[in-house]
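S.K.: Please find one structure pasted underneath; my questions will follow.
The values are calculated or read from the model by the stated rules, or taken from the named source; none is laboratory data. Because the structure is a prediction, the values reported are computed rather than measured. In this analysis, Cβ positions are derived from the backbone assuming ideal geometry, glycine residues included, and neighbour counts consider all displayed protein chains. For accessibility, only protein heavy atoms count, side chains too; no ligands or nucleic acids. Shrake-Rupley method; radii C 1.70, N 1.55, O 1.52, S 1.80 Å.
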Amino acid sequence: MDITERDLKHIWHPCSQMKDYETFPPVTITKAQGSYLHLANGTTLIDANSSWWCKSLGHADPRIHAALMQQAKTLEHTILANTTNPTIVKLSENLAALTPNLNKVMYASDGSCAVEMALKMSLHAQQLQGQGHRQQFAALGNGYHGETCLALSVSDCGLYSEPYKPLLQPCEYLNPIPYVSGVEDNKWHDCSEEWHPIEKQLNQIKDTLCAIIFEPIVQGAGQMQIYSANFLKHLAAWAKDNQVYLIADEIMTGFGRTGLPLAIDHAGIEVDFLCVAKGLTAGVLPISAMLTSDTVYDLFYDDYEKGKSFLHSHTHTGNTLAAAVANCVFEIFQEDNIYQKIPELSAHLRQQMEAVANHTGKLTNIRHIGAMVAGDLVVDNPNTRWGFQIFQEAIKLGAMLRPLGNTLYWFPPLNTESHTIDELADITQTAIARILK
Ligand SMILES: Cc1ncc(COP(=O)(O)O)c(C=O)c1O
């Protein structure tokens, strides 16, 4: 049996209709280096979505491998309840330095688990301050926060949550979101008009609201939509006035994707809970973190008998190997001036996507921020999976251009070289032209 047959005999691939694999089998990757995936057939693919948005520094950085090997020699992983070690302490210091007010860190393994922790902890914190009637969550329309049931409960993504409705909690979705094409859009700085209906919606539930969760600035799974930084300023001011917690889900946006260390930095706001994952280890090992303030922490701090502890854990909470990699990633961002280089990449991405749109006439609503650019396919029949067909064509041409429905986007590693973006643009243009003749 070849590897494809062996794969399909056992593996149920994520986020897939497995019948698609009859005609579009999985590509076999033998190694990955920088922004490229090397295939068993001797060809390469540009990793245009940074392997589901996590490989912020590309593949196979020898500094990360050295940090991992060094850690493996001394301590791989131990229970984090009742123990500590220099690696996890260092990572917690690195994370606490991200914001002025979030000083306490709790760890998990995946993004969804960090979101679960933040939602649970916010509810519990409201109870501990005598606000037990605050049990409702609000989230932005078109938002996405993960696949576990509580995370899915606050995600506005029909197809993904529909069958599981009996397991999900109710959530108030805030609409309409003031979308923008980028930071130069007028609405970026002023969305007062759009804010008013949302404020009205929030005022109706303000006495029972526990927390509002949001992906700051970019809604990833929701077709890479960018919204006004001013919206977050309004939201933060309203939440503060109404004793409602704010949960920033930076699992996709964190660590440079929008050009700044955190996307909330665009709005200069403070939140009560922050979730990070993906880029935390530059996608090398799975670890996620949820940060909160000393104020929230103090609500839980008391004699054990008082029953206020946050009794939540995962086996791999604070995995030491992953923590060592994350510390190394913080160092590489400094050493390689990653944040300083993003503006150049950003401009190049935008310019090349505009060029593809102009040449093909088949992309509209181009939007971009930091190291992400997206456009929607112009098609007669939007229910046809044009994006999926273009994805298959792009694989033949040399790029992993996995779309979001009929939205194409580039989300390459932050250190992708300029010639690779040019190559990606050529491939995207040819793939579109071949499918949408
Ligand atoms: C904004 C956001 N939140 C949460 C998640 C879930 O993270 P994970 O897939 O690691 O559980 C994702 C994943 O893409 C995400 O983009």
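S.K.: Taking all protein chains together and a probe of 1.4 Å, list LYS206, LYS341 from the most accessible to the least accessible.
M.R.: The ordering from most to least exposed comes out as LYS341, LYS206.
S.K.: Can you tell me how segment 172-278 classifies by the Cα gyration tensor, rounded, prolate or oblate, using a/c under 1.5 as the rounded cut?
M.R.: oblate
S.K.: While we're on this one: Please state the relative contact order of segment 157-269 as a whole percent: Cα pairs under 8 Å, 6+ residues apart?
M.R.: Result for segment 157-269 is 26 percent.
S.K.: Let me ask you something else. Please give me the summed charge of the neighbours of ILE251: other residues whose Cβ is under 13 Å from its Cβ, Lys and Arg +1, Asp and Glu -1.
M.R.: Values: positive: ARG257, LYS278; negative: ASP110, GLU116, GLU147, GLU215, ASP249, GLU250.
Once positives and negatives cancel, what remains is -4.
S.K.: Let a ≥ b ≥ c be the square roots of the eigenvalues of the Cα gyration tensor of segment 56-96; is it rounded (a/c under 1.5), or, if not, prolate (a/b larger than b/c) or oblate?
M.R.: Oblate, because a/c is 1.5 or more while a/b does not exceed b/c.
S.K.: With the Cα gyration tensor of segment 278-437 giving a ≥ b ≥ c as the square roots of its eigenvalues, does the rule (a/c under 1.5 for rounded; else a/b larger than b/c for prolate; else oblate) give rounded, prolate or oblate?
M.R.: Prolate, because a/c is 1.5 or more and a/b exceeds b/c.
S.K.: Which far-off residues, 5 or more places away or on another chain, put their amide H under 5 Å from the one on ASN142, with H placed in the peptide plane?
M.R.: ASP156
S.K.: Same structure again: For segment 258-303, which chymotrypsin sites (Phe, Trp or Tyr not before Pro) pass both filters: DSSP loop (anything but H, G, I, E, B) and at most 13 other C-beta atoms within 10 Å? Write down the numbers at each step before the final one.
M.R.: Details: sites: PHE273, TYR297, PHE300, TYR301; in loops: TYR301.
Those that pass, being in a loop and sparsely packed, are TYR301.
S.K.: When only C-alpha pairs under 8 Å and at least 6 residues apart count, what is the relative contact order of segment 64-335, in percent?
M.R.: In percent, rounded to a whole number, it is 29.
S.K.: How would you rank 32-44, 423-435, highest first, on the average number of other Cβ atoms within 10 Å across their residues?
M.R.: Answer by packing, highest mean first, reads 423-435, 32-44.
S.K.: Oh, and also: What's the ranking of 244-251, 370-377 by average number of surrounding C-beta atoms within 10 Å, highest first?
M.R.: Ranking the peptides 244-251, 370-377 by packing returns 244-251, 370-377.
S.K.: Which percentage, to the nearest 5, of the DSSP beta bridges contained in the chain is antiparallel?
M.R.: 70
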